[in-house]
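Here's the structure we're looking at; comments come further down.
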Amino acid sequence: DAKTTQPPSMDCAEGRAANLPCNHSTISGNEYVYWYRQIHSQGPQYIIHGLKNNETNEMASLIITEDRKSSTLILPHATLRDTAVYYCIVRVGKTSYDKVIFGPGTSLSVIP
Amino acid sequence: DARVTQTPRHKVTEMGQEVTMRCQPILGHNTVFWYRQTMMQGLELLAYFRNRAPLDDSGMPKDRFSAEMPDATLATLKIQPSEPRDSAVYFCASGFQPLRGSPLHFGNGTRLTVT
């Protein structure tokens, strides 16, 4: 299974862009990169996912390097409500078997 | 918005008692995951069902834990007998596989305290 590496914690000033990195150097060609976040005491929430191309939705942007070995989640204008643990996950990708394993994630603190 | 519903939200019980946690996946989803979260271990995958069949329960202590899907609208996780070390938040998530790109949707968890 492809594994991911994320920094344990990051700070970001309110109103600034938060750039959260993720390394997934063993990713396979058909595996997607997913991002979830977990606000204290709630269940994880899906943010965005991508395969090769950069993606953007109303919550965030996902930048995937050309070799697909790393990605960056961008929150363009971080607010205090974006303080959460952010998880980068690579889906196993087999059509018949697709466990979803969470690592420790990055704890993002948005500072006023 | 469709949601995954978990009951109860909180459960306090004494050691040795049976605990049953329930999950209603989103209608139409065919995959259910059970996770346990503690401060020390983070989010641990306990069991994984697709089309009501268990595909993987290797993360679950077999002697006391059991997971089932009696029907497509209900997943259960039972602990018998419960122990203080089972105290954690238990999350259920549902999704649709093998549709590539389909994300998981999580419930808000059951916070279990075993005294």
**Prompt:** Hey, which lysines would be in cross-link range of residue A:99, C-alpha to C-alpha under 20 Å, not counting anything within fewer than 8 residues on its own chain?
**Reply:** A:3, B:62
**Computed label-point distance, nm, for sites residue B:14 and residue A:9 using a 7 Å Cα→Cβ extension** = 4.0
**Asked** Do any residues of region B:2-46 lose at least 50 Å² of accessible area when the full set of protein chains is present rather than just their chain alone, and if so which, with a 1.4 Å probe?
**Response** B:43
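Accessible area lost on pairing B with A, both sides, 1.4 Å probe, Å² to nearest 100? Kindly include the intermediate steps, with their values, before the conclusion.
Details: alone 6720 and 6630 Å², together 11510 Å².
The summed interface area works out to 1800 Å².
In µm²/s, what is D for chain A at 25 °C and 0.890 mPa s, where D = kT/(6 pi eta Rh) by Stokes-Einstein and Rh is the Kirkwood radius from Cα pairs?
On the way: Rh = 14.1 Å.
So the translational diffusion coefficient is about 174 µm²/s.
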**Asked** residue B:11: which aspartates and glutamates have alpha carbons under 12 Å from its alpha carbon, excluding same-chain residues fewer than 8 sequence positions away?
**Response** B:86
**Asked** Simple spin-label model, 7 Å along Cα-to-Cβ: residue A:23 to residue B:40 in nm?
**Response** 2.9
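How much net charge surrounds residue A:70 when only the other residues with a Cβ under 14 Å from the Cβ of residue A:70 are counted, with Lys and Arg +1 and Asp and Glu -1?
On the way: positive: A:3, A:52, A:68, A:69; negative: A:31, A:66, A:67.
My count for the surroundings of residue A:70 gives +1.
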**Amide H partners (placed H, <5 Å) of residue A:79, local residues excluded** = A:15
**Prompt:** Per residue in region A:19-50, which ones lose no less than 50 Å² of accessible surface when going from chain alone to all protein chains (1.4 Å probe)?
**Reply:** A:44
**Message:** Under a crude label model (7 Å from the Cα following the beta-carbon direction), how far is residue A:16 from residue A:63 in nanometres?
**Reply:** 1.5
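If you roll a 1.4 angstrom probe over the protein chains with everything in place, what fraction of the accessible area of the protein assembly as shown belongs to carbon and sulfur, to the nearest %? Each step should come with its number before you reach the end.
Details: 5770 of 11510 Å².
About 50 percent, which is the carbon plus sulfur part of the accessible surface.
Using only the alpha carbon atoms of chain B, find the Kirkwood hydrodynamic radius as the inverse mean reciprocal pair distance, in angstroms to one decimal. Intermediate values should be presented prior to the final figure.
Working: mean 1/r = 0.0709 Å⁻¹.
About 14.1 Å, per the Kirkwood formula over Cα pairs.
Among all stretches of chain A without exposed GluC sites (Glu not before Pro) (DSSP loop, at most 12 other Cβ atoms within 10 Å), which one is longest? Each step should come with its number before you reach the end.
Details: sites that count: A:58, A:66.
It works out to A:1-57.
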**Asked** Hey, any idea what Rg/Rh is for the protein assembly as shown, computing Rh the Kirkwood way over Cα pairs?
**Response** 0.98
**Fill in**
Under 5 Å from the placed amide H of residue A:107, counting only residues 5+ away or on other chains, we find A:9, A:10, A:86
**Item:** For region A:1-66, accessible area per residue (1.4 Å probe, heavy atoms of protein chains only), Å²
**Value:** 56
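How high is the FRET efficiency from residue B:87 to residue A:40, r the C-beta distance, R0 25 Å, rounded to 0.05?
Working: r = 18 Å, r/R0 = 0.70.
Calculated value: 0.90.
The values are calculated or read from the model by the stated rules, or taken from the named source; none is laboratory data. As the structure is a computational prediction, the values presented were derived from the model and not from experiment. Cβ: placed from backbone, ideal geometry, glycine included. Neighbour counts: every protein chain shown. Surface accessibility is based on the protein's heavy atoms, side chains included, excluding ligands, DNA and RNA. Shrake-Rupley method; radii C 1.70, N 1.55, O 1.52, S 1.80 Å.
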